[in-house]
There are 2 protein chains.
Amino acid sequence: MADWSLHRQLEQDTINIGDLPLSRVLVVNDANYPWLMLVPRRANAKDLVDLNEVEQGQLMTEINRVSRALQDITKPDKLNIAALGNVVPQLHVHVIARRTSDPAWPRPVWGVVPPVAHDPQEIEHFIRALRKQIWLS
Amino acid sequence: MADWSLHRQLEQDTINIGDLPLSRVLVVNDANYPWLMLVPRRANAKDLVDLNEVEQGQLMTEINRVSRALQDITKPDKLNIAALGNVVPQLHVHVIARRTSDPAWPRPVWGVVPPVAHDPQEIEHFIRALRKQIWLS
């Protein structure tokens, strides 16, 4: 665990909102969608199968916790959960709140429209709500 | 559980290869990628958070089992795991073996190129290997 560090590309594309027992929780810098990311703090993990069974169970627990928080705050039409990693090889799980009115619907979000910068006040409010739900619920 | 049935669209797009304790295991009719799907046999489940914690843990176990089988058989460059469901609302998890030489790489597979029909002998061979790995390993 000592030699884990967040991949530079993920660091550049996100805001760090804190650590769960296994994963770092990030908000993706794209105001098109409420979009979170979980990155298990395990060096050299590329695929889900690179985690052991205890870590996989913990990851599912954390996906559930973060998904419920996102659902409570944003009331989406659908959640999208995905571990792809074709571009950034460090294992990371997307948790995205989708609306039938969002710019990519019903397609997956990747590469459909350019990212939009967050409004500073809106994202501050969103992160505060998220922290409260994830760490205090 | 009594009133669960596979969504018509998923039935049409796949070959049923059998049931794990929670999920039906399907092969997607698209020879562009070795592409499996897990569908938890729980009526009205749309998102991961609609499963209870025991079912979520079991789903992770089944994702791991199917992923390892797919990895052993196809030796991919990357696995893609995703629960999207923007088009077909019944909860289903894609488990896709990706190669840097496949027609969508590095993009996600959805909607990039039209599906290609399987060669009957190749798919029979693949399904036999898969059944052996998933149910006997």
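The values are calculated or read from the model by the stated rules, or taken from the named source; none is laboratory data. Small disclaimer: the values here were computed from a predicted structure and weren't measured. Reconstructed Cβ throughout: ideal geometry from the backbone, glycine too, with neighbour counts over all protein chains shown. Accessible surface is based on the protein model in full, side chains and every heavy atom, while ligands, DNA and RNA are left aside. Shrake-Rupley method; radii C 1.70, N 1.55, O 1.52, S 1.80 Å.
Once the principal axes of the Cα atoms of the protein assembly as shown are found, what is the range along each, listed largest first in whole angstroms?
Here the Cα extents, ordered largest to smallest, are 58, 43, 35 Å.
Taking a threshold of 20 Å on the Cα-Cα distance, which of the pairs A:LYS46/B:LYS78; B:LYS46/B:LYS132; A:LYS46/B:LYS75; A:LYS75/B:LYS46; A:LYS46/A:LYS75 fall above it?
B:LYS46/B:LYS132; A:LYS46/A:LYS75
Could you work out, residue by residue across B:75-85, how many beta carbons of other chains sit within 10 Å of that residue's beta carbon, and then give the average as an integer?
Mean partner-chain Cβ count within 10 Å for B:75-85: 6.
Before I look further, what does the protein assembly as shown give for accessible area per residue, probe 1.4 Å, in whole square angstrom?
48
Roughly how large is the A-B contact in terms of buried accessible area, totalled over both chains, probe 1.4 Å, nearest 100 Å²?
The buried area between A and B, both sides summed, comes to about 2700 Å².
How large is the translational diffusion coefficient of region A:61-137 in µm² per second when you combine the Kirkwood radius over alpha carbon pairs with Stokes-Einstein at 4 °C and 1.567 mPa s?
93
Taking the convex hull of the Cα atoms, report for region B:8-137 its projected area averaged over all directions, in nm².
Hull-based average projected area comes out at 7.7 nm².
How much accessible surface does B:ASP72 have with a 1.4 Å probe, in Å² rounded to 10?
Approximately 80 Å² for this residue.
With every protein chain kept in the model, how would you rank B:SER5, B:SER101 by accessible area, 1.4 Å probe, largest at the top?
B:SER101, B:SER5
How far is helix A:120-136 tilted, in degrees, relative to the longest principal axis of the Cα atoms in chain A, given as a value from 0 to 90 rounded to the nearest 10?
Around 50 degrees separate the two axes.
Quick one: among A:ASN52, A:ASN16, A:ASN44, which has the greatest mean-square fluctuation in a GNM of chain A with alpha-carbon springs under 10 angstrom?
A:ASN52
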